[in-house]
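Written below as structure tokens is the structure these notes are about.
The values are calculated or read from the model by the stated rules, or taken from the named source; none is laboratory data. All values reported here derive from a predicted model rather than from experimental measurement. Every residue, glycine among them, receives a Cβ derived from its backbone with ideal geometry; neighbour counts consider all protein chains shown. For accessibility, only protein heavy atoms count, side chains too; no ligands or nucleic acids. Shrake-Rupley method; radii C 1.70, N 1.55, O 1.52, S 1.80 Å.
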Amino acid sequence: MFTGIIEATGTITGIETNGSNKTFWISSPVSQELKIDQSVAHNGVCLTVEEVKNGAHRVTAIAETLEKTNLGSWQNDHIINIERCLLMNARLDGHMVQGHVDTTGVCSKLAELDGSWEYTFQFPPQFAGLLVEKGSVAVNGISLTVFDVGIDHFSVAIIPYTYEHTNMQAVKEGTTVNLEFDIIGKYVLRNAQLHTKS
């Protein structure tokens, strides 16, 4: 379980393809503190640490993960958002994030305002029931509040701290991002669907 509050950014330093899987080496300020078999969110995707060496750590994404997220497009030198799992005695500053990406979205509009940035993302309309005005979404693992919610789009506002300490500064019009919708919304929608069928 994660909070969507990014702890650090990392840089991809190596990529290997093994059959339908891809293995990534990522160098970050927290890499040396990681343990083998630890779950860590990478751009919002929960991946297992396989090896730690020389200030970097190794993770592998299987075919299903590569298909449902933006990991398949990662290249060397890409900047990745990193968050270690939630400590049960810590404050939940963001929202409950599982690290299980639901789909990807595409930035359709970026406006630089006076001291902040406003991003609009397009997403598949079948997920529209999981977003509500002023609700939460994880974009590349970042817990954000949504507004201007439509059937296939939503907007978020980014403050300078988030812009400077995450990879949002690399998101431009046309960039694909990982989206994870609020788990509470998923349960509510599922319950409603089951009651509708009965």
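If the condition is being among the charged types (D, E, K, R) and closer than 19 Å to residue 110 by Cα, then the range 141-198 contributes 148, 152, 164, 172, 173. Looking only at residues of the range 69-98 that are in a loop (DSSP other than H, G, I, E, B) and modelled with pLDDT of 95 or more, we find that the one that is surrounded by the most Cβ atoms within 10 Å (Cβ to Cβ) is 69. When the residues of the range 144-162 are filtered to those that are out of contact with any strand residue (DSSP E or B) (no Cβ under 6 Å at 6 or more places or on another chain) and within 20 Å of residue 83 (Cβ to Cβ), the one that is least open to solvent (accessible area, probe 1.4 Å) is 162. List the residue pairs whose Cβ atoms are under 9 Å apart, where the first residue sits in the range 17-37 and is at positive phi, the second is open to solvent by 40 Å² or more (accessible area, probe 1.4 Å), and the two are 6 or more positions apart or on different chains. If the second residue must be open to solvent by 40 Å² or more (accessible area, probe 1.4 Å), the pairs left are 37/48; 37/50. Summed over the range 105-143, residues that are more than 23 Å from residue 188 (Cβ to Cβ), out of contact with any Gly (no Cβ under 9 Å at 6 or more places or on another chain) and in contact (Cβ under 8 Å) with a residue 60 or more places away in the chain total 2. For the range 172-198, filtered to residues that are modelled with pLDDT under 95 and either of a type in the set (A, V, I, L, M) or in a strand (DSSP E or B) (or both), the residue that is nearest to the chain's Cα centre (by Cα) is 183. Scanning the range 123-171 for residues that are within 20 Å of residue 6 (Cα to Cα), in a strand (DSSP E or B) and out of contact with any helix residue (DSSP H, G or I) (no Cβ under 7 Å at 6 or more places or on another chain) yields 136, 137, 138, 139, 143, 144, 145, 146, 155, 156, 157.
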